[in-house]
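Taking it in order: structure first as structure tokens, then the write-up.
The values are calculated or read from the model by the stated rules, or taken from the named source; none is laboratory data. This one's a predicted model, so the numbers in the text were calculated from it and none came from an experiment. For the accessible areas, the whole protein counts, side chains as well, though only heavy atoms, and no ligand, DNA or RNA atoms are used. Shrake-Rupley method; radii C 1.70, N 1.55, O 1.52, S 1.80 Å.
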Amino acid sequence: MNWQRARRPEQKAERISTILDAAAELLDDNEYDTISMRDVAKRAGLGKASLYHYFKTKEEVFLALYREELERWLETVTTGLGRLRKPTPTRVAEMLTSALQRHQRFCRLMVLFAAVLERNLSQAFLVEFKRSLLEPAEAFAGTIQSVTPHFSIEDAKDFAFQHHALVAGLWPIAHPSPQVESVLQALEFQGFRTEFAPLLTRSFINLLSPID
């Protein structure tokens, strides 16, 4: 596909959507560090030069994808928690874990977020990106506070950071590389194995429960 340069806002939005869809497909099937800008351009049906018109670096592409996945995950969380009739810490924790299992691409992007993706960026892009996170961050904290009456808004904001840190830390441990997975099959290394959802749920319960 040989597209002309988008000039109207709706054309630009369509191109960006196509690029992010291509990046998502590539991430679903590959490790992030094996994906190149050339791969993204090819999957999107664009020339490499055209891709650079919209995104200057691979990090910009995948941070934009992170922002898109964040919105999808937040919608799932907001809807799910809103349906809880009696939001106990256990029920809230189970719902949060369920939402993450439904948005595994978002989990993978959270692992990459601070250590990998927030690099190689212009100051202008980083400022705009951080501003775009303010509203969803406030929304998540507000939603958490609404189902945990013993939380202050500051408690809810702290939980939002803890939530991110837990996912980013537990996901790669529970989803090791094929080489590590083969080593962990040995009986002597069974103590290094863990399942993502059960441990995450227990961790969320501990964080959400009132302190005696």
Legend entry - Cα gyration tensor of the chain - equivalent ellipsoid semi-axes, whole Å, descending: 33, 24, 14
Inset, instruction - Taking the chain as the reference, fit the longest principal axis to its C-alpha atoms, fit the long axis of helix 196-208 to the helix C-alpha atoms, and give the angle between the two in degrees, 0 to 90, nearest 10. - result: 60
Legend entry - With DNA, RNA and ligands ignored, accessible area of Asp158 (1.4 Å probe; Å², nearest 10): 80
Legend entry - C-alpha center-to-center spacing [the stretch 127-151, the stretch 43-118] in angstrom: 14
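Quick one: if you take sqrt(5λ) for each eigenvalue of the C-alpha gyration tensor of the stretch 1-55, what semi-axes come out, biggest first, whole angstrom? Don't skip to the answer; put the middle values down first.
Details: eigenvalues 84, 25, 14 Å².
Whole-Å semi-axes of the equivalent ellipsoid: 20, 11, 8.
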Legend entry - Degrees, to the nearest 10: 89-102 long Cα axis against longest axis of the chain: 20
Legend entry - Degrees between helix 123-147 axis and first principal axis of the chain (Cα, 0 to 90, nearest 10): 30
Legend entry - Lys pairs, the chain - Cα-Cα below 30 angstrom, 8 or more residues apart or on other chains: 16
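Can you give me the convex hull volume of the Cα atoms of the stretch 70-125, divided per residue and expressed in Å³? Don't jump to the answer; show the numbers that get you there.
Details: hull volume 5.7 nm³, N = 56.
Convex hull of Cα atoms, per residue: 102 Å³.
Carbon and sulfur together cover what percent of the accessible area of the chain at a 1.4 Å probe radius? Working shown, then result.
Working: 6420 of 12430 Å².
Here carbon and sulfur together make up 52 percent of the probe-accessible area.
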Inset, instruction - Compute the accessible area per residue over the chain, keeping the other protein chains in place, probe 1.4 Å, unit Å². - result: 59
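On a 1.4 Å probe surface of the protein chains, which of Ile153, Ile144 comes out largest in accessible area, and what is the full order? Before the final figure, lay out each step's value.
Details: Ile153 60, Ile144 0 Å².
Output order, biggest surface exposure first: Ile153, Ile144.
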Legend entry - Mean residue ellipticity (222 nm) of the chain, computed from DSSP H runs ≥ 4 via -39,500 (n - 2.57), nearest 500: -23500 deg cm²/dmol
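With contacts defined as alpha carbon pairs under 8 Å and 6 or more residues apart, what's the relative contact order of the stretch 57-208 in percent?
Working: 122 pairs, mean separation 48.0, N = 152.
Reported relative contact order: 32 percent.
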